[in-house]
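The values are calculated or read from the model by the stated rules, or taken from the named source; none is laboratory data. Every value quoted in this text rests on a predicted model; they were computed, and no experiment measured them. Reconstructed Cβ throughout: ideal geometry from the backbone, glycine too, with neighbour counts over all protein chains shown.
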Amino acid sequence: MDLIQPPSMKNMILRQGELVKDEMVSELGIYGIFIGGEDVIVNEVGGHLLRTKGKEVNEGGVATGFAVIDSPLLI
């Protein structure tokens, strides 16, 4: 596998009550549901999670404070 290098953008996040301005990257995770074997019973999208973190951060955890949960704006 190759590491995906997403484009960065100047952004602001609110982390632990402080406004942080920096170069950020966003990661979109799409969750799927598959139930079946020879016959497919369910095969559909189950949801999504978008998280944003600093460009230089290698960790990804929202719970550990390295990233924040975000909302996509589709245009």
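Name the one entry in SER26, SER71, SER8 that is small (Gly, Ala, Ser) and in contact with a Ser or Thr (Cβ under 8 Å, 6 or more places away or on another chain). If you could, list the steps in order and put the result at the bottom.
Values: SER71 fails: in contact with a Ser or Thr (Cβ under 8 Å, 6 or more places away or on another chain); SER8 fails: in contact with a Ser or Thr (Cβ under 8 Å, 6 or more places away or on another chain).
One residue alone meets the criteria, SER26.
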Screening GLU27, GLU44 for residues that are on the phi < 0 side of the Ramachandran plot, exposed (fewer than 10 other Cβ atoms within 10 Å of the Cβ) and of a type in the set (D, E, K, R) leaves only GLU44
Among strands (runs of 3 or more DSSP E) completely within the range 1-57, the ones holding 1 or more residues that are under 18 Å from LEU74 (Cβ atoms) and within 12 Å of the chain's Cα centre (by Cα) are 18-36, 40-54
Taking the range 38-62 and keeping residues within 19 Å of LEU19 (Cα to Cα) and in contact with a Phe, Trp or Tyr (Cβ under 6 Å, 6 or more places away or on another chain) leaves LYS53, VAL57
Just one listed residue, out of ASP22, ASP39, is at pLDDT 85 or above, surrounded by 11 or more Cβ atoms within 10 Å (Cβ to Cβ) and not small (Gly, Ala, Ser), and it is ASP22
Checked the range 9-19 for anything modelled with pLDDT of 90 or more and either closer than 15 Å to SER71 by Cα or surrounded by 10 or more Cβ atoms within 10 Å (Cβ to Cβ) (or both); matches are MET9
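May I ask you to list the residues in the range 57-68 that are in contact (Cβ under 8 Å) with a residue 12 or more places away in the chain and surrounded by fewer than 10 Cβ atoms within 10 Å (Cβ to Cβ)? Even if it seems obvious, please write down each step before you answer.
Here is the first cut: in the range 57-68, the ones in contact (Cβ under 8 Å) with a residue 12 or more places away in the chain are 60, 65-68.
Hits for the range 57-68: nothing passes.
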